[in-house]
Structure formats: structure tokens, C-alpha cells
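One structure is given below, encoded as C-alpha cells.
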Amino acid sequence: TLKNGKMVFIALLNINHCLKSGLGALPVGLFNGIPLRSEEMDPEELETVLLQKIMETTNFFQRAVFMVGYLFCVDVVDFLMEQANVVPRINPLILSSERRYLDFTSSPVADDWDDTTMFSYLESKDKTAVVSKKMKYFIRDVTMWIVADIEQPSGRQLLQNALKHMKSSSSNCRVGVINNPSGKPTEDNSALYRAVWASLLTQSSKNMLDFTLKLLKEENVELLKQGTKIKHLLKQVSGGMDHDAFEKKFNTMEVDFLHSHQKYCKEVLKLKAGQRAVVSNGRVLSLLDEEEEFSVEDFHLLEKITLHTSAEKIKSKIKQMNLNAQKASDLIMKVDALLTASPKGEARKDVKFLKDKHRCSTKTREDEVFYDVVAIVDPLTRVAQKLAPLLVVLGQVVNMKVQVFMNCRAKLSEMPLKSFYRYVLELDVSFFGNNSLSPGPVARFTEIPESPLLTLNMITPESWMVEAVRSPYDLDNIHLQEVSGVVNAEYELEYLLLEGHCFDLSTGQPPRGLQFTLGMRQEPLMHDTIVMANLGYFQLKANPGAWILRLREGRSEDIYQIQAHDGTDSPVDAGDVIVVLNSFHSKIIKVRVQKKPDKLNEDLLSEGTESKGLWDSITSFAGGPSVDENDKKKDVLNIFSVASGHLYERFLRIMMLSVLQHTKTPVKFWFLKNYLSPSFKDTISHMAKAYGFQYELVQYKWPRWLHQQTEKQRIIWGYKILFLDVLFPLAVDKIIFVDADQIVRADLKELRDLALEGAPYGYTPFCDSRKEMEGYRFWKTGYWASHLGHRKYHISALYVVDLKKFRKIAAGDRLRGQYQALSQDPNSLSNLDQDLPNNMIHQVAIKSLPQEWLWCETWCDDNSKTTAKTIDLCNNPKTKEPKLSAAVRIVPEWSKYDNEIKQFLKRVKEEKEKITQGRASSSSSSPQHTGKT
């Protein structure tokens, strides 16, 4: 049920029903009749387990409806009850996937068990062959051997249950008995078993079954123990039996074969003396506990499982051989044991292609063993782009015959692929002619068209953080017609990710705002992060080595303590949590924390007690100052922006200059490092020193569980809105986002200090004043008109975020949840960074900023420009004017800023060249030393 937006799992089960169904110890949870495992019943895991099972089951039902329309005319419960995995009872011993089978493949020379000495010399499979040949049965078909000490109550009960099942079973199950006495068998202590065996050898099926069931009753067993002769007891319990044949066989029966039984149980079945077992078509189920019951219902279940998994198919084949009942049942038992004991594998299929003229194929060395590979692909998919180089490399590693068939879609509304792709996969480590190691794997793009505008992007494993470290080119705007020679770029694996999930043991919920640090013993704090409410997710940057994970000093360490952790490399009770990164594969850990007893009422994100920030004690990646308590006391203006490509980095520098020209407040810029070019990262420290501002390059890897975007621009849009709560330290109360292509004409301190009236962020609405653009205002019709109602549609070029409020109401978690739901549809969130907050306006309120805070020529008339506090160079869907020409035309001061930045970068370049030349001169003029050193 759903209650207050949360799932409540309620199960009321009758205790007798639990015992009869074999569900085991309480509490027990059932999902569509499937019992949850004990670890799944953990309160911390239950909600996650149920959600996962609901998703899996939904797919199962959808497939049933789609394939045959089955559920339109059938009750869902009836449909579930018809599935092959439905059983009348649960018994882990029967349903376990770990199984042991007897080997029936032998045909020994000696085939008698009366000579115990000879029997003892036989191998295990020979002993099994002898036992199977000499065994006598009640009825036929599915074969069950009851192994027990019939002289003991538990052994008699097991045999009785098997015979009762046999009488009530609709199939022809047959039951054989092997005695496993607790002590050395003699004539006196084996009378009951010898009586059962004598009836099997001399009587008809019905008579021996009725006689055995009566004989096994406790009152008759007690009479035997008191000295009643078997011939006197026979008169009381037998019906139409042949008394003379029975008595003759019973009185002349030796006990040697019982010794053989005992050896067989010990040496082949691996049972202790007196231990019970059930063997079903060669499958051995050992009852380890004397008190463990194997009821009539368990025999029903065992027969059902045996028949449905294999025996029925084997029986149908053997039936065609016209064998007698005894031989047919023996063959079913042996073939079933042989086939079921063999490891399962995918069946080989010889695919015949009727029309295979149009195919790609590669020849192979057919005189050698080769792999026959058939690939059927849709060529216009990302998967096909990866598959082609994979097949090429595999063809070099192993001898392969490859056939590739193109399974194309018949109709396309648009081109599904918009990228050229190279999958970097090397056959082996490569060396140069002088035995030196080659630089590393390379992706080369040749013969690609020169007219389109291209972007170079890396698609890396989930746990890698890769950045471009050297390239003189604008990798976001590659126009090959304007480039002479080759465009090259060098990338570097900068960090490996340590990912994790954190939960509070008491509440089962993620501790929002909790901070972790990662470091070494000499330097405990090298990286740190904040826990999300979404799945309790956190990520930390690291490199290969042994790391120490701790709660951050401050409120996180004061309020919480680590109670347990999984996936780490230290014991649970160890003082430090050690995590070893020794692979390029992902490392995902799970951490459980709990509030300290005296801090149960404390809140990490309570008002007025903000803890130190995420990167408070870490210097910036490129040398910028860090955030500390002194920064908190100072009035610092925090500006956030993103840029990718040389053009937007050019705009970004001009935006920064315009901000600095109009404020007297110290400014700190925050830039997303993921997509900055090497040249920008190289010069930003010089600019910070020259113009007197602080900066920090923040970095975050898109979480694997959050729906991935494939286009670079959309990924950048996502970073603008989806990770605001984890990108910045808690010490930063407010952050202002300013687009790179914006010019600021006012003091942004005024915007930062603007009251947001309870909203976590403030955006400027789109202008309505330029009337000739009315037909392009998409938010006034269709979905947006009905969704927004009287509210306005806001633009994401400029916004201010109250990070304290944003975290307190879990706005980031709500935005990510809505994004996950909508982004599966490629037609949703076309302008991701502004569509998402506008779509969430009912759940996460937006404060509408005064219109003067953002002027855009596309939507705003010329009269309003005079009062504009910022000017945005937004695209014009009508004229599609390039941004550079629009900037020069619309903003008079833009050219002045641009020239100033050009002169500054020129000076920086000249200074670097002087330093480089000075080093080279110093090196060449150094005296050459000789002699001993």
C-alpha cells in the first residue's frame, strides 16, 4: 500500500499455514508468493528489495501482455499460479541449486551385495550400479530411495511418509529402501527391515505396500521388540499375502547384504551411521538433523520438481523404446541423474541463412579450430559502433569466422547517429623498434567530412575521471576546413572514483549533508564529499593505493559515528575504514552510520550551525585560495559558471571582467572543471593574480544510476542544475550562476542580498516586450501554458541559489528524481537546464527576479535595455545571428573588454616564453663537470 507517499509492506500469515508451507522461521515476507530471503527481510534493505522486485515483475507482466495479450482475459493470480516455478511447498533442501548426484554409468563384473567382502572392494560408481540392479521397489517411474535406519522411529516415519505419498501420487512414483543402521546389523536388530525386504522380494505390489504400512505402525513395532514372532504378527497385519513364500524368504535371509548397505551409505552416500537421506533419480538429499522432518508434502514437492525439470522429457523419449516397466524406470533414473548432474550450458544452434548474399564476412584459417561468430546489428546505433572494432581485435586474438548481418530499421524520422566513434582497444602492449614502450592507445579519425562543426568528446568507464591536458585546438568547435594539418589532443586519466552509499542505521534513511574525507595517514584530508539523499550516494576522487575513509571533523564527526561498512578492505570493528583501489574497475562501498547517543536530536543542516565546507581546507586545483572560517566572516560574492570550448571561454573571461568592474565586494568564481580547455586552466591563475579574485575548479562525475545524456551540451546543462547541493561547500550560503555569454552592468551583491521569500532559488522570467517574437514564445501554448497556469516561464541564464534552503528542503534530490522520470523520453526536457526547474515549480518554488536583472534582445524591447543590469547574448531563433557579431553590435563595452583580455593573454604568453628561453639558456651555458662525483 501507499501511505503518505511511502510504501508500507504488510503481511498477515497464519502460523499453521507457515508450518504447512515450509516457509521456515518468522518473520517471512512473500512477494507474489515468492519468499524473501533472510537478508532481504533486513529493514534497511526491504524497501530497495521491494522496489527492485516490482520493477522486475512489471516487465514480466508487460511481456506477457505484449506477446500474447494473455492478461486481458485471465485473472493475474490465476496467471501466476500457472507458472512453472509455482510449487505447493517450500523446502530449501529440495529447491537448492547446490545438488549432488549418484554416478550410474558403471557396469561392474560383480553384481551382488550378498558378498560383503567383494562389495567393499568395488569403486563408488560400481557399488551404485550393484545397488540399483538389486533394488526392489514399490510401484515404478520416478525413483526415490529412502535411506534410513528402519529400526529407529525417525527412519520408520520417513519411509511411511514416502509410501503415503506414493499411494496418493497421481504419477507412478516408485520407492526403494536402503538400510543405514546405527550399529552393526545382526539378525536380532534388523528384523523389521528384513521383513520389509522379504515382502518386496515375494509379494505383489499392493500386498507388499499394505503390509509394509501396517508393519511400520508403532504398536506392531513394539510387539516385535517384545519378542512376538514374525509369523504370528504376519497373521495380524497381512491381507492376501503369500505367507509361505514370505516366511521362507524371511527365515533364510542372511544379513551380509545389510553390511553392504551400511558400507554403501558410508562410502558412497557419505552418510553417518543412522543418518537419513532421500535419493530422487540419483539426486542425494541428506537430512543432517535428527529432528528434521521430510513430510508427505515434501515428497509431493520433490516429485513435482524432479518431473518438471527433466524426468518427464526423458520419460517421453524412453517410452518410444517399448521397454518393460522395470527397465524403463531404471533407464529414466540413470539418464536423469547423468544429464541433470552435468553442468548446464547454452544449447548450440546451427543457424541456416536462406538469403545471405548481402553480408560482411571474414575468412579464417579453416585448417585450425575456429570460432564461428555471427553478429546481427542495427548499423546506426551506438552499440554497433562499439561492436565493429571489438570484432576486429577479437579476430586478431583468436581464429574466428565472422559473419555480420545488418538488421536495419525500415523507417527513420531522423538520423539516429550524429557522431563518429572510435573504440580504443589494443591487441597487446605495443613497443617501438628500439624496444621502448609506445605512448599509449590512440583513437584516429580519418576520411571524415570537413564542412560540419565537430566536437571531440571522450566516453570513458564509469569510474574514470579523464581530462584533456594538451591541445592547442578548440575541441568543442573543430572546423576542419579552417585547420591545416592534423587536430590532436592528449587526454589523461586524472582520478579513479570511489563511490558509495551511506545510510543511517536508526532511520534507514541517507544522512543528508553528512561529509566524508579521504586521505592517507600522513595527510588525512585530501578529498571529501557530501552524501546525497538519492540512494545515500557519495563519490570521492582518488588514485591507486590504500586510502582512509573518515567522517569529516566538525559536525559530521560530532554527531555521527561509523557503525558498519561493506566492500571495504578493513574489518568492521577497525578504527579506520581502509579502502584499497587496486584496479581500474569500479569500487563501490556501503557505509552505515548512527548518531551518537547524546546527539540524537541534532541536525546536520540545522539553522545557524553550518559546518565547514566541502573543500574548506583544500587549496584549489589550480592554486586558488581555499574556503576557511576567515572567508565566512568576509563578505565574498560567489559566482558560478560553466563553459566549454574556446569561444565560450572567451565569453567567460569577459563576463568575469564585467563582474569585477561593477563590484567592490571580494569575488570568488567557481568553475566546472570537467569541460574546461587546457589553455583556460593554464591561464586562470595568472588572471586571478592580476585582477585580484579567488577561484575554485569544482569537479563531479555524473552518477551511474542517474540517466546519462549523450550530447555534450546537454551534459553541461545538467551540471548547471542537477548537482548544486553537492558541488559547493556548506560554508557558501548563496551562489549566483551567470552564463558565460553574459555582460554584467550592476553590482551582483544586490542580487545576492535580494530576499527570495522562502524559495530556494530565484530566476528571471522571459521578457514579453518584443512583440515581433510572439510566435516564438513556446511557453505560452501547449504543455507549458497548462502546466504553469498563472506562473511565468523562467530563463536559466542567470539565477541565485540559497544553498542552505536548497539543501534543507532536499531540492537537489527532488530535481534529480523528476529528471530521472522525464529524461527517459528523448522528447522531454529539450532545454534541460531551464525546463527542469520550470517543470518542478509546483514542488520547488521559484522566486521571480525583477525583469531588469536579465535583458535579452531576442525577447526584450529596446526601451528596457537602458535599465538592464545584465545583458544575455541568447540565441535568436528568427535571425540566428552568430554570437560574436551579436556581442559587438548589442553591447558597446564588449569590444573593450575583449581587447583588454587579448592584451592580457598576450602578456602572459610572452612571460612564459621568456621563462622558457631563460631555462634553455641556463641549461646550455652550464659548465660540463668531469672526474669523480
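The values are calculated or read from the model by the stated rules, or taken from the named source; none is laboratory data. All of these numbers come straight from a predicted model, not from anything done at the bench. All Cβ positions, glycine included, derive from the backbone under ideal geometry; neighbour counts span all protein chains shown.
Show the residue pairs that are 6+ apart or on different chains and have beta-carbon atoms under 6 Å apart, the first residue being within region 880-898 and free of Cβ contacts under 8 Å to residues at least 12 places away in the same chain, the second being of a type in the set (S, T, N, Q) and surrounded by fewer than 16 Cβ atoms within 10 Å (Cβ to Cβ).
Hits for this filter: Val888/Ser895.
Return a yes/no flag: does region 293-302 have any residue that is under 29 Å from Ser190 (Cβ atoms), touching a Phe, Trp or Tyr at 6+ places or on another chain (Cβ under 7 Å) and assigned to a helix (DSSP H, G or I). Steps first, please.
Quick first cut of region 293-302, residues under 29 Å from Ser190 (Cβ atoms) only: 293-296, 298-299, 302.
Those still in the list that are touching a Phe, Trp or Tyr at 6+ places or on another chain (Cβ under 7 Å) too: none.
No, region 293-302 contains no residue that is under 29 Å from Ser190 (Cβ atoms), touching a Phe, Trp or Tyr at 6+ places or on another chain (Cβ under 7 Å) and assigned to a helix (DSSP H, G or I).
Determine the pairs where a residue that is outside the structural domain of Pro729 (by TED's automatic domain parsing) and farther than 14 Å from Lys596 by Cβ, located within region 545-569, has a partner that is in a strand (DSSP E or B) and among the acidic types (Asp, Glu) with Cβ atoms under 8 Å apart, the partner being 6 or more residues away or on another chain.
Arg552/Asp528
If you go through region 392-412 one residue at a time, do you hit one that is over 30 Å from Val175 (Cβ atoms), aromatic (Phe, Trp, Tyr) and either at pLDDT 85 or above or buried (at least 17 other Cβ atoms within 10 Å of the Cβ) (or both)?
Of the residues in region 392-412, the ones over 30 Å from Val175 (Cβ atoms) are 392-412.
Still in the running and aromatic (Phe, Trp, Tyr): 405.
Of the ones still in play, those that are also either at pLDDT 85 or above or buried (at least 17 other Cβ atoms within 10 Å of the Cβ) (or both) are 405.
For region 392-412, residues over 30 Å from Val175 (Cβ atoms), aromatic (Phe, Trp, Tyr) and either at pLDDT 85 or above or buried (at least 17 other Cβ atoms within 10 Å of the Cβ) (or both): present.
I need the strands (runs of 3 or more DSSP E) fully contained in region 460-549, keeping only those with at least 2 residues that are over 20 Å from the mean Cα position of the chain (by Cα) and either among the aromatic types (Phe, Trp, Tyr) or farther than 30 Å from Arg422 by Cα (or both). Step through it out loud before you land on a result.
Details: elements: 464-470, 490-504, 515-519, 527-530, 537-542.
Ranges flagged: 490-504, 515-519, 527-530.
Tell me whether region 88-110 contains one or more residues that are closer than 21 Å to Leu201 by Cα, among the charged types (D, E, K, R) and exposed (fewer than 15 other Cβ atoms within 10 Å of the Cβ). Give the derivation first.
The initial filter retains those residues of region 88-110 that are closer than 21 Å to Leu201 by Cα, namely 110.
In the following step, the residues that additionally are among the charged types (D, E, K, R) were identified as none.
Within region 88-110, none of the residues are closer than 21 Å to Leu201 by Cα, among the charged types (D, E, K, R) and exposed (fewer than 15 other Cβ atoms within 10 Å of the Cβ).
So is Pro765 within 30 Å of Val466 (Cβ to Cβ) and not hydrophobic (A, V, I, L, M, F, W, C) or not? Can you show your working first?
Details: within 30 Å of Val466 (Cβ to Cβ): no; not hydrophobic (A, V, I, L, M, F, W, C): yes.
Against the criterion (within 30 Å of Val466 (Cβ to Cβ) and not hydrophobic (A, V, I, L, M, F, W, C)), Pro765 does not qualify.
Out of all the residues in region 607-626, is one or more β-branched (Val, Ile, Thr), within 26 Å of Gly545 (Cβ to Cβ) and modelled with pLDDT under 90?
Just the residues of region 607-626 that are β-branched (Val, Ile, Thr), to begin with: 609, 618-619.
Add one more test, that the residue is within 26 Å of Gly545 (Cβ to Cβ), and what stays is 618-619.
From the residues that got through so far, the ones that are modelled with pLDDT under 90 too are 618-619.
Checked against the condition, which is being β-branched (Val, Ile, Thr), within 26 Å of Gly545 (Cβ to Cβ) and modelled with pLDDT under 90, region 607-626 yields at least one hit.
Can you find, within region 283-292, the residue that is modelled with the highest pLDDT among those that are assigned to a loop (DSSP other than H, G, I, E, B) and under 39 Å from the mean Cα position of the chain (by Cα)?
Among residues in region 283-292 that are assigned to a loop (DSSP other than H, G, I, E, B) and under 39 Å from the mean Cα position of the chain (by Cα), the one modelled with the highest pLDDT is Glu292.
Identify, please: which residue in region 10-40 is surrounded by fewer than 15 Cβ atoms within 10 Å (Cβ to Cβ) and under 24 Å from the mean Cα position of the chain (by Cα) and is, among those, modelled with the highest pLDDT? Break it down stepwise before answering.
Our first condition is that a residue be surrounded by fewer than 15 Cβ atoms within 10 Å (Cβ to Cβ); within region 10-40, this holds for 10-17, 19-20, 24-27, 30, 32-34, 37-39.
Now narrow it down to the ones that are under 24 Å from the mean Cα position of the chain (by Cα): 30, 32, 34, 37-39.
Details: Leu30: 84, Asn32: 81, Ile34: 81, Arg37: 78, Ser38: 76, Glu39: 77.
Of everything passing the filter in region 10-40, Leu30 is modelled with the highest pLDDT.
Restricting attention to region 248-282, report how many residues are out of contact with any Asp or Glu (no Cβ under 6 Å at 6 or more places or on another chain) and in a helix (DSSP H, G or I).
Looking only at that region, the number is 15.
Quick one: would you say Ala311 is under 19 Å from Phe104 (Cβ atoms) and either out of contact with any helix residue (DSSP H, G or I) (no Cβ under 6 Å at 6 or more places or on another chain) or assigned to a loop (DSSP other than H, G, I, E, B) (or both)? Can you show your working first?
Values: under 19 Å from Phe104 (Cβ atoms): yes; either out of contact with any helix residue (DSSP H, G or I) (no Cβ under 6 Å at 6 or more places or on another chain) or assigned to a loop (DSSP other than H, G, I, E, B) (or both): no.
So Ala311 does not fit the description; no.
Out of all the residues in region 856-875, which are polar (S, T, N, Q) and crowded, with 22+ Cβ neighbours inside 10 Å?
Of region 856-875, the ones polar (S, T, N, Q) are 858, 863-864, 866-867, 870, 875.
Result: Thr870, single match.
Would it be correct to say that Asn876 is more than 40 Å from the chain's Cα centre (by Cα) and without any contact (Cβ under 8 Å) to a residue 60 or more places away in the chain? Before the answer, list the steps.
Numbers: more than 40 Å from the chain's Cα centre (by Cα): yes; without any contact (Cβ under 8 Å) to a residue 60 or more places away in the chain: yes.
Yes.
For the subset of region 543-558 comprising residues that are surrounded by fewer than 21 Cβ atoms within 10 Å (Cβ to Cβ) and over 11 Å from Thr517 (Cα atoms), which member is modelled with the lowest pLDDT?
Gly554
Can Glu852 be described as touching a helix residue (DSSP H, G or I) at 6+ places or on another chain (Cβ under 9 Å), part of a helix (DSSP H, G or I) and farther than 22 Å from Asp739 by Cα?
Details: touching a helix residue (DSSP H, G or I) at 6+ places or on another chain (Cβ under 9 Å): yes; part of a helix (DSSP H, G or I): yes; farther than 22 Å from Asp739 by Cα: no.
No, not satisfied.
In this structure, does Asp725 turn out to be charged (D, E, K, R), within 36 Å of the chain's Cα centre (by Cα) and crowded, with 19+ Cβ neighbours inside 10 Å?
yes
Could you list, in sequence order, all residues of region 197-221 that are touching a Leu at 6+ places or on another chain (Cβ under 8 Å), under 24 Å from Leu302 (Cα atoms) and part of a helix (DSSP H, G or I)?
The answer is Met208, Leu209, Thr212, Leu213.
Here is a list: Phe353, Phe299. Which entry is aromatic (Phe, Trp, Tyr), at pLDDT 85 or above and under 39 Å from the mean Cα position of the chain (by Cα)? Lay out the reasoning, then the answer.
On the way: Phe353 fails: at pLDDT 85 or above.
Of the residues listed, the single one that is aromatic (Phe, Trp, Tyr), at pLDDT 85 or above and under 39 Å from the mean Cα position of the chain (by Cα) is Phe299.
Picking from Val466, Val486, which residue would you name as being over 15 Å from Gly645 (Cβ atoms) and touching a strand residue (DSSP E or B) at 6+ places or on another chain (Cβ under 7 Å)?
On the way: Val486 fails: touching a strand residue (DSSP E or B) at 6+ places or on another chain (Cβ under 7 Å).
None of the other options fit; the residue is Val466.
Which one of these does Ser921 not meet: (1) modelled with pLDDT of 85 or more; (2) over 52 Å from the mean Cα position of the chain (by Cα)?
Unmet condition: (1).
Before we move on, is Gly155 part of a strand (DSSP E or B) and modelled with pLDDT of 85 or more?
Values: part of a strand (DSSP E or B): no; modelled with pLDDT of 85 or more: yes.
No, not satisfied.
Listed here are the residues, each with its yes/no results for (1) under 25 Å from Phe680 (Cα atoms); (2) β-branched (Val, Ile, Thr).
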position: Val466; (1), (2): yes, yes
position: Ser484; (1), (2): yes, no
position: Ala489; (1), (2): yes, no
position: Phe503; (1), (2): no, no
position: Gly508; (1), (2): no, no
position: Phe516; (1), (2): no, no
position: Leu525; (1), (2): no, no
position: Asn534; (1), (2): no, no
position: Gly554; (1), (2): no, no
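Out of (1) loosely packed, with under 14 Cβ neighbours inside 10 Å; (2) part of a loop (DSSP other than H, G, I, E, B), the odd one out for Asp569 is which?
Unmet condition: (1).
State all residues of region 166-178 that are in a helix (DSSP H, G or I) and crowded, with 22+ Cβ neighbours inside 10 Å; if no residue qualifies, say none.
Here is the first cut: in region 166-178, the ones in a helix (DSSP H, G or I) are 166-168.
Passing the criteria: only Met166.
Please determine whether any residue of region 758-765 is in the same structural domain as Asp813 (by TED's automatic domain parsing), within 25 Å of Gly817 (Cβ to Cβ) and of a type in the set (Ser, Thr, Tyr).
The answer is yes; a qualifying residue exists.
Looking at this structure, is Pro379 in a loop (DSSP other than H, G, I, E, B) and either of a type in the set (S, T, N, Q) or within 32 Å of the chain's Cα centre (by Cα) (or both)? Step through it out loud before you land on a result.
Values: in a loop (DSSP other than H, G, I, E, B): yes; either of a type in the set (S, T, N, Q) or within 32 Å of the chain's Cα centre (by Cα) (or both): yes.
It is true that Pro379 is in a loop (DSSP other than H, G, I, E, B) and either of a type in the set (S, T, N, Q) or within 32 Å of the chain's Cα centre (by Cα) (or both).
So which of Pro181, Pro185 is at pLDDT below 85, of a type outside the set (Phe, Trp, Tyr) and surrounded by 20 or more Cβ atoms within 10 Å (Cβ to Cβ)?
Values: Pro181 fails: at pLDDT below 85.
None of the other options fit; the residue is Pro185.
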